[in-house]
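What follows is one structure encoded as structure tokens, with my remarks underneath.
The values are calculated or read from the model by the stated rules, or taken from the named source; none is laboratory data. This structure is a prediction, so every number in the text was calculated from the model and none was measured. Positions of Cβ are generated from backbone atoms using ideal geometry, with glycine treated the same way; all protein chains shown enter the neighbour counts. The protein model used for the area step is the full one, side chains on, heavy atoms only, and it has no ligands, DNA or RNA in it. Shrake-Rupley method; radii C 1.70, N 1.55, O 1.52, S 1.80 Å.
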Amino acid sequence: MTLTFEEKLRNYARLAVRVGVGVKPGQRLLVQAPVETAQLARLVVREAYAAGASFVDVRWDDDDVQLARFELAPDGTFDQISRWRVDAEIETAEAGGAVLAIRATNPNLLGGVDAERVATHQRTLAAYRRPYTAQVMTNRLNWNLISAPVSGWAELMFPDASAEQAVAQQWDAIFAATRADQPDAVALWEAHLGDLKRRRDLLTGKQYAALHFRGGGTDLTVGLADDHVWGGGAADTPGGITFTANIPTEEVWTAPHRERVDGTVVSTKPLSYNGTLIDGIRIEFRDGRITKASAEQGESALLKMIDTDEGSHRLGEVALVPHSSPISRSGLFFFNTLYDENAASHIAIGSAYRFNVRGGVDMSLEDFLAAGGNDSLTHVDWMIGSGEMDVDGVAKDGTREAVMRAGEFVI
């Protein structure tokens, strides 16, 4: 059965609300959306009210407005932020509400502006936003992240198409990646989330001391946090609301030990970071800390990101994704971490999720760090997996077993 565009779009909005953010009757919802995605945002609002939301508010974003500031605002002003925008997130979370973000931007938007301006803005924003980020990192609220085409991004993905055709092709790619092009997308997602749960439970039970990645120029041992817990698929808030933070999602992930990462790792896909493309990343670690970093493109942005704070010199996530994932099989590069991280195993520089350490949500920061967790103002995923990657699980006694071979799970 072939669905019309309108049917796929309604499917997508329904998935975002029902499977993604998991809005419950009486709950308020904050929606963040670029103005170019208004058609989808309006459907999300209607789906949320149909699910019983008490109040749905929309906060609009715009690439052109953001670019104008970084190009034209005077020096010395980039430590100013729109606090009210962050306050809306904090207020929603503290009221027991939910947040759904449609993240879509031109990946090259800020490629031609001063990287220091962007870095200053990001540091200031991250510091003020920390109370909200802490709730996200501990699953204290139900939240969801999806995306939708915007013209600059679509044309980058499909450079040989006209602007209109590029947007249409990008919609097709997004619908396929999220299963929104299937008649019973919600049922398909329920089955998929069940598969991810079985995988994460298996890996949690293994309690490996470390994972060893080899292939494509990478030789990296990632020690895992003490009493770590694997995540993947759906999660639950303390109040029992089930949500799926990312649509799509194909990964299972956990917390590295902040002091037990050693070796060299090479990226297998470019990273789109704050409007700048970073490609050809090569990083060396010793005792958990980055000792050397370079990139063939966007190196300045990479180094400024690593220098955000002490925690951004260490890892906060290690994730496994089969090379045969639907997004990988599509052969498309999305220039968007939400999609590209689900095509390849990856690691993240910066903060770790508290729930990836047993009892971590209720630990003091000192105890969380002692268990191997990491703390930072930033959390940036970048891709290291491929069809060449082998991964071994290293037990506490030093014995090894194969976890992945040629990018595919063997356990």
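Numbers at a glance
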quantity: Amide H contacts of residue 224 (H built 1.01 Å from N, under 5 Å, at least 5 apart or other chain); calculated: 210, 211, 257
quantity: Semi-axis lengths (Å, descending) of the ellipsoid that matches the C-alpha gyration tensor of the stretch 322-410; calculated: 28, 20, 9
quantity: Computed [θ] at 222 nm, helices only, for the chain once each DSSP H run of length n ≥ 4 contributes -39500 (n - 2.57); calculated: -9500 deg cm²/dmol
quantity: Summed side-chain charge close to residue 102 - residues other than residue 102 whose Cβ falls under 12 Å, Lys, Arg +1, Asp, Glu -1; calculated: +1
quantity: q = 0.10, 0.14 Å⁻¹: log10 I(q)/I(0) that the Debye formula gives for the chain, counting C-alpha atoms only; calculated: -0.65, -1.42
quantity: Size descriptor, Kirkwood hydrodynamic radius, that averages inverse alpha-carbon separations across the stretch 129-224, Å; calculated: 17.7
quantity: Quarter of the Cα convex hull surface for the stretch 177-244, i.e. its orientation-mean projected area (nm²); calculated: 6.9
quantity: Net charge dipole size for the stretch 297-411 [Lys, Arg +1 and Asp, Glu -1 on Cβ; Debye, nearest 20]; calculated: 280
quantity: Per-residue SASA entry for residue 188, accessible area with 1.4 Å probe, Å² rounded to 10; calculated: 80
quantity: Helical segments meeting 15 Å axial Cα length and Kyte-Doolittle 0.0 threshold in the chain (DSSP H); calculated: 38-50, 163-178
quantity: Dipole moment magnitude, nearest 20 debye, the stretch 130-251 about Cα centre, only Lys, Arg, Asp, Glu C-beta charged; calculated: 520
quantity: Per-selection Kirkwood Rh - the stretch 1-100 (Cα, Å, 1 d.p.); calculated: 15.2
quantity: Size of the stretch 207-259 as Cα extents on the principal axes (Å, biggest first); calculated: 41, 26, 16
quantity: All-pairs Cα distance distribution in the stretch 230-295, expressed in whole percent, bin size 5 Å; calculated: 4, 13, 13, 16, 20, 16, 10, 6, 2
quantity: For the stretch 328-368, size of Cβ-based charge dipole, Lys and Arg +1, Asp and Glu -1, in debye; calculated: 200
quantity: Packing-based order for 376-382, 405-411, using average beta carbon neighbours within 10 Å, highest first; calculated: 376-382, 405-411
quantity: Pairs from 197/304; 197/396; 197/269 whose Cα-Cα separation, in the structure shown, is over 30 Å; calculated: 197/304
quantity: Accessible carbon and sulfur surface of the chain relative to its total accessible area, %, 1.4 Å; calculated: 48
quantity: Geometric extent, Cα atoms of the stretch 230-376 - Rg, Dmax (angstrom); calculated: 15.7, 46
quantity: Distant-in-sequence amide H partners of residue 247 (H built 1.01 Å from N, under 5 Å); calculated: 145
quantity: Cα gyration tensor category, rounded, prolate or oblate, for the stretch 306-362 with a/c compared to 1.5; calculated: oblate
quantity: Sites matching GluC sites (Glu not before Pro) across the stretch 287-319 that sit in DSSP coil, with at most 14 neighbouring C-beta atoms within 10 Å; calculated: 296, 310
